[in-house]
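Just so it is clear, none of the values below were taken in a lab; they were calculated from the coordinates. Because the structure is a prediction, the values reported are computed rather than measured. Positions of Cβ are generated from backbone atoms using ideal geometry, with glycine treated the same way; all protein chains shown enter the neighbour counts.
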Number of protein chains: 2
Amino acid sequence: MADQQFLTHALSNGLSVGAEKMPGVRSAAMALLVPCGASADPHDRLGTANVLAELVMRGAGDRDSKQFTDHLDTLGLQRSSSAAVLYTRYGAAAMADNVLQGLDAYADLVRRARLPENDFEPARDLALQSLSGIDDDPRQKLLIKLREIHWPWPFGRNPMGDKSSLEALTLSDVRRSYQTRYTPAGAIFAIAGDIDLSDIRDRAERLFADWQPTQPEPPQGQQTQRRYHFEQQATEQTHIGLAFDSIDETHVDYYLVRLAIEVLSGGMSGRLFTEIREKKGLVYNVSASYSSLPGIGAVTGYAGTSNDRAQQTLDQFLIELERLSEGVTQEELDRAKIGLKSSTIMSGESSSSRAGAIAHDWLIRQRLRTIDEIIKAIDGVTLTAVNDYLRAHKPGNYTIAIVGPKELVLPTNA
Amino acid sequence: MADQQFLTHALSNGLSVGAEKMPGVRSAAMALLVPCGASADPHDRLGTANVLAELVMRGAGDRDSKQFTDHLDTLGLQRSSSAAVLYTRYGAAAMADNVLQGLDAYADLVRRARLPENDFEPARDLALQSLSGIDDDPRQKLLIKLREIHWPWPFGRNPMGDKSSLEALTLSDVRRSYQTRYTPAGAIFAIAGDIDLSDIRDRAERLFADWQPTQPEPPQGQQTQRRYHFEQQATEQTHIGLAFDSIDETHVDYYLVRLAIEVLSGGMSGRLFTEIREKKGLVYNVSASYSSLPGIGAVTGYAGTSNDRAQQTLDQFLIELERLSEGVTQEELDRAKIGLKSSTIMSGESSSSRAGAIAHDWLIRQRLRTIDEIIKAIDGVTLTAVNDYLRAHKPGNYTIAIVGPKELVLPTNA
């Protein structure tokens, strides 16, 4: 792998810039994260960040709503926007020159959105509609509930908000959040592709250096309920989610956990896939994954199965999780390493993947990692280290969520 | 754009090879299509191709089920398999050398699968499970139904099969289909990435040249029902699908249609998005797209909306479709061109996208197109040509499918 060319640059107002020049591509992708996430929504106005992510697109700076979208489409930008727990994220990808030409509009979006009165009701209605759509999607409902009851408050909040909050939400609520929570302090601007790094630095200075930081209010509220939730619904399948705490991504043992989860659920030779899906035919979908926020980590599992096989599926899922503590084999570890390295190297060819990885690295680690660094970390893991870790950290203290027609018998250690 | 380097090569048994050497990448991706699709499933054994796509992974050539998956995971292959209407498709992507090393196993898979008796019941159970899961997913249910009632028989068949067929299916049914329908006549092997074209040609000859073609039986049956379907279900949202016939991809006017649909549904300045979602806030999701099979094409639309707004959504959707015949503006066409060109050029950077495009081009056109050729075709479209076409081809004779609690009033020309 040729050396990767990075820029990292911190503005004095707290905005961080991360960029990568990719020699093999003509495209570029950018991700702009502002620290307006569900975790800091006012406790009686959950969903504020979500409605804002819709409303800011309705005109910013010199452009009204139609001019704004027409402008970005004239550049051919493939774009995305979403409110998450810690951030609202705006993404754009296209030929590199077009992404660069679109940056002014994105600076307008996070700094000079018009938030027009006439568009507030439609934007809020859309948020209410997408929320009510969850009832038609039991899998999504399950995963939202699992987050809510597992992650420490307020990180488990559903970014979509809740019905009563959204119904109570006003334009002035939304405008106030924009003024205080669309702030450069903690914002991240990441870009990767066919770009010039010193040009990016200059552009970031020009677009963002005079952006004044604010002091957002800390969130209020508390954990309402944790660890177990059963939602009765007359579904055709029972949806099972489980989670347990793990280490965060900066922990020295991080790749031990990642590789162990890869043994459990990576590829088609993963234990969950072979034991629960292939041999027993219990489930169509079964998986486990590692997920994290700054300073915290968790392992999350999901299975969707027919109602009459739900109990057996949950039992087997727990057996496989606990069997991890007996260790993995050298062959399993080798395959896990190759799988993780393969996806890491391949994501290095995509400007969108790289922009996302840069933003994520900055958020979690406040520095950028090269792909070589990640590969070396994976290669450096020994079988002894993984198995020592697994023996010492038996899964347990599970959070369990179930959506389906019938409650299941839980393990005694849940 | 530098000249693209292609190989096309036809084996005497009917298998077509298409390959592209991509200078900028270290990865490779391959797609192997065998002509075993739902359209040729025996009429009382619908879902045969689907069960086969699962069962062939359970061991092939010298490797049993575990050895087979372990082998592919040891190469770090990110893989996919799916039975579609005309084909079953196997895909794999990884570092180029690893994809090349995995080709022997894929040749085993399509030529020497073991189809073990013990794995038949679990494989069939999984197919039944995923079929029953559709009841928990009204959007997917709607889209399956729309295909079924719009595409000419047997191209609208649901590749997942149906319950009675799957329950009646036996191992010998599946084995017979494998023997006759996993055949080189009409199969496509596509690969793109960091490869050597003459090496690919040699490998294809070695792996596939002595594969004997068979003569599959033509499908039996007939169109059962067309044009309108209402499925009552107590859902939170009403799901609306509509379709009308269009020209096929090889038609000289193809890019007129593609660009008109881009005006309707491309980017966020698309008419459906601005008129139905943004201004009226009627729907969270609304879109239209062009889809095709060899020799036939269709425009398909989808909207998911709250039940009390469903009628208005359908009405507005039809108004926007019919308004197309009044023509589009130069600005709309320019944006549509940029959007389509942007996504075309960007997909040229991904080995997986290129392998997919090569297989698709071969299937539809029996030749490969360069990205430059596609860009030129898009650039060559004039406003007059689009608007003349739209005036002469007013949408109509709609197929409409609805999943929701309440039937809707249909337009008189549906």
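If you run the Gaussian network model on chain A, springs between alpha carbon atoms under 10 Å, then out of A:288, A:28, A:377 the most flexible one is A:377. Distance between the C-alpha centres of the range B:88-111 and the range A:252-268: 24 Å, rounded to the whole angstrom. Panel note: the C-alpha atoms of the protein assembly as shown, placed on their principal axes, show extents of 73, 72, 55 Å (largest first). Here the contact order of the range B:302-383, divided by its residue count and restricted to Cα pairs under 8 Å and six or more residues apart, works out to 31 percent. Comparing B:329, B:180, B:305 in a Gaussian network model of chain B, where Cα atoms under 10 Å apart are tied by springs, the biggest mean-square fluctuation is seen for B:329. In this rough spin-label picture, where each label sits 7 Å from Cα along the Cβ direction, the residue A:209-residue B:172 distance is 8.1 nm. Build a GNM of chain A with springs between Cα atoms under 10 Å apart, and of A:20, A:54, A:217 the one that fluctuates most is A:217.
Near the amide H of residue B:248, within less than 5 Å, lie the amide hydrogens of B:297, all on another chain or at least 5 residues away, with H placed in the peptide plane. Computed over the range A:94-252, relative contact order equals 34 percent, with contacts defined as Cα pairs under 8 Å that lie 6+ residues apart. A crude spin-label estimate for the pair residue A:228 and residue A:365, with each label 7 Å from Cα along the Cβ direction, gives 4.0 nm. A straight chain from residue A:121 to residue A:9 at 0.36 nm per residue would run longer than the Cα-Cα distance by 36.4 nm. Its relative contact order, with pairs defined as Cα atoms under 8 Å and 6+ residues apart, puts the range B:180-322 at 24 percent. Taking Lys and Arg as +1 and Asp and Glu as -1, the other residues whose beta-carbon sits under 14 Å from that of residue B:11 total +1.
Between A:18, A:4, A:33, the Cα set farthest toward the positive side of the dipole of the range A:1-72 (charges on each charged residue's Cβ, about the Cα centre) is that of A:4.
Compute the Cα gyration tensor for chain A, then decide on rounded, prolate or oblate, letting a ≥ b ≥ c be the square roots of its eigenvalues: rounded whenever a/c is under 1.5, prolate when a/b is larger than b/c in the other cases, and oblate in all that remain. Oblate, because a/c is 1.5 or more while a/b does not exceed b/c.
When each of B:319, A:276 is scored by the number of other beta-carbon atoms lying within 10 Å, the sequence from fewest to most is B:319, A:276. Against the main long axis of the alpha-carbon atoms of chain B, helix B:330-347 sits at an angle near 20°. The range A:276-315 to the range A:358-414: how many Å between their Cα centroids? Here the two parts' Cα centres lie 14 Å apart. Panel order for B:170, A:48, A:74, by other beta carbons found within 10 Å of each beta carbon, from fewest to most: B:170, A:74, A:48. What is the range A:39-141 by shape, rounded, prolate or oblate, if you read a ≥ b ≥ c off the alpha carbon gyration tensor as root eigenvalues and call it rounded for a/c under 1.5, prolate for a/b larger than b/c, and oblate otherwise? Cα axes put the range A:39-141 in the prolate bin. Label positions at residue A:373 and residue A:323, each projected 7 Å from the Cα along the C-beta direction, are separated by 3.7 nm.
Size check on the range B:106-221: the Cα extents along the three principal axes, sorted descending, read 48, 32, 28 Å. The amide H of residue A:266, built 1.01 Å from its N in the peptide plane, has A:271 as neighbours under 5 Å, considering only residues 5 or more places off or on other chains. Taking a Cβ cut-off of under 11 Å around residue A:282, the surrounding Lys, Arg, Asp and Glu residues balance to a net charge of -1, with basic ones at +1 and acidic ones at -1. Would you mind counting up the charge near residue B:246? Only other residues with Cβ under 14 Å from its Cβ, with Lys and Arg at +1 and Asp and Glu at -1. Summing Lys/Arg as +1 and Asp/Glu as -1 gives -3.
Shown for A:337, A:280: other C-beta atoms within 10 Å of each C-beta, ranked fewest to most, produce the order A:280, A:337. As a test of the formula, what do you get for the protein assembly as shown when each DSSP H run with n ≥ 4 contributes -39,500 (n - 2.57) and the sum is divided by the residue count, at 222 nm and rounded to the nearest 500 deg cm²/dmol? The per-residue figure over the protein assembly as shown is -13000 deg cm²/dmol. Since only A:86, A:46, A:396 are under comparison, the one whose Cα sits farthest along the positive direction of the charge dipole of chain A, derived from C-beta charges on Lys, Arg, Asp and Glu, is A:396.
For the range B:18-97, the square roots a ≥ b ≥ c of the C-alpha gyration tensor eigenvalues yield an a/c of 1.5 or more together with a/b not exceeding b/c, which makes the shape oblate. Per residue, the Cα convex hull of the range B:289-403 amounts to 154 Å³.
Scaled against the 2.2 N^0.38 Å expected of a compact globular protein of N residues, the Cα radius of gyration of the range A:83-129 reads 1.45.
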